[in-house]
Amino acid sequence: EKLHLTINQPAGAYKAGLRNGKYAWMPEENQGNIADIRGTGAGQVRSNGRFILEYNEENSKCISGQLKKVYRDLTAAVAGDDSFDVMATAKTDVYLAFSIAGGTGSGMFLRIASLIRQNIPNSNLIAYAYSPALFEGVSVTWNIKHNAYGALFELDYNMHGNRSEYKNKSM
C-alpha cells in the first residue's frame, strides 16, 4: 500500500490546528519551516513530517482507515479460503522502510509503527532504517545529522518508558 501525504496551504492548516491546541508539540524554531511543505515531503524538517502525518490522520487521508482496510482484506481472504487453516489471529508481517535521517521519514516512523500496532492486530513489525550515509550524494544535506540524532533520541525516549537514558554531555 502506498499513500501520498501532503498538505495544501500548510501554514493555514497549522494556525487553525494550533488554535485548538493540536500542534502544541511543534518546536517554535521549526514553525517557520511549515510554509516549505510543497507536496514533496517535510523539507528535511522532522517536525514537518509529524505535522503532515497528524494533519492527514485527522482529516481526509486517514492512515488508520487505510490500515484497517488492508487488515480486513487480508483476513477476509484467509477466512474465505477453505484449503488453509490460518486464523485472523495469526501474525501479520508488516515491513516498514523509513529514513532515520530524512525529514519526513524520521519525523513519522514511530507514529506509523504505533498506528500499525493499533489497526493490524498481532502485527509483526519488521523495520528497515536507512542511515544518514544514504543521503551523502543528495543536494539537501544541511539537516541530515540533526534529523538522525532527533529520531534516535525519540526512539530512545520511547524505548525507555518515556525517559531518556542518553544525554549530550561535555567530556
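See the values below:
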| quantity | calculated |
| --- | --- |
| Cα-based Kirkwood hydrodynamic radius, segment 1-70, one decimal, Å | 12.5 |
| Whole-Hz couplings from phi, Karplus 6.51/-1.76/1.60, listed for segment 10-22; x for Gly and Pro | x, 4, x, 5, 5, 4, 5, x, 5, 4, 8, x, 6 |
| Highest-first arrangement of 8-14, 90-96, where packing means the average Cβ count within 10 Å | 8-14, 90-96 |
| Solvent exposure of segment 1-40 as accessible area per residue, Å², 1.4 Å probe | 72 |
| Highest-first arrangement of 17-30, 41-54, 62-75, where packing means the average Cβ count within 10 Å | 41-54, 62-75, 17-30 |
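The values are calculated or read from the model by the stated rules, or taken from the named source; none is laboratory data. The shown structure was predicted, so the numbers you read here are calculated from the model rather than taken from an experiment. Please note: Cβ atoms are built from the backbone with ideal geometry, for glycine as well, and neighbour counts cover all protein chains shown. Ligands, DNA and RNA are excluded from the accessible area calculation, which covers all protein heavy atoms including side chains. Shrake-Rupley method; radii C 1.70, N 1.55, O 1.52, S 1.80 Å.
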